[in-house]
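The values are calculated or read from the model by the stated rules, or taken from the named source; none is laboratory data. All values derive from a computational prediction rather than experimental measurement. No Cβ is skipped: glycine too gets one built from the backbone with ideal geometry, and neighbour counts run over all protein chains shown.
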């Protein structure tokens, strides 16, 4: 194995999916160079994850137990436990390219104040993988104010910058913690860039029913995110809500024209969860400090 990059910690949140996690860790072991350490942030119960992680001790892998609920808490716990200057994050159902660490290091050397995100690819033959992007050219989102452009299963950033910013909001426990962080980061005038060379693959493992549940959960999380900021008087959220409905309408129109309904489900399931998320979020964020960091 090549010498590890001492400046980079890899963080992998998991919730008791040992087979997927093993494949993810194998891809990290194939990186040249590998990271200085791999922190598997576990919110499951039982010893299965610890057994998998123990098999990758040569990679500097260890388990960080997270008592929180949701990926935001897991990401925060992993970032807090990291010993390196820089952090890369992927998820247990992803595999990373062999140059993932070296590309992240090069990008962060160019601008350590930026958050970087990158390509999230569907493996060949996978038909229904959520949250993918394969845009071939770099995009600088700095100066824009919008959510939805940060892919949390492919991130690289300076640990201290994200920690000082407040990290991810654990109150958005089910979903949209990435959109919330992305929105706050860009609204604060900080740099965020998409670099296609930073590549991971998001694997297809959910059944159709599980995918429907997932997309409804995305909608509920998105609604809670909108409610959080509406409670603070941020009327930009009304535009984002309108855009969600517009995208759903376009999906239906495209499906009718092409006589193909295969791509309609994600948009409609998201909209199905959105009203519930707005109601829940409006209630849950009623007592927040409007001047708070998160």
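Laid out as a table, the results:
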item	result
Residue among 220, 197 that alone is in contact with a helix residue (DSSP H, G or I) (Cβ under 7 Å, 6 or more places away or on another chain), surrounded by 14 or more Cβ atoms within 10 Å (Cβ to Cβ) and assigned by TED's automatic domain parsing to the domain that holds residue 101	197
So residue 199, is it at pLDDT 95 or above, closer than 21 Å to residue 71 by Cα and in contact with a strand residue (DSSP E or B) (Cβ under 8 Å, 6 or more places away or on another chain)	yes
Selected residue [assigned to a loop (DSSP other than H, G, I, E, B), within 21 Å of residue 236 (Cα to Cα) and in contact (Cβ under 8 Å) with a residue 12 or more places away in the chain] from 169, 178	169
Any hit, the stretch 88-104, residues being touching a helix residue (DSSP H, G or I) at 6+ places or on another chain (Cβ under 7 Å) and over 20 Å from residue 39 (Cβ atoms)	no
Matching option when the condition is over 12 Å from residue 12 (Cβ atoms), out of contact with any helix residue (DSSP H, G or I) (no Cβ under 8 Å at 6 or more places or on another chain) and buried (at least 19 other Cβ atoms within 10 Å of the Cβ), among 54, 73	73
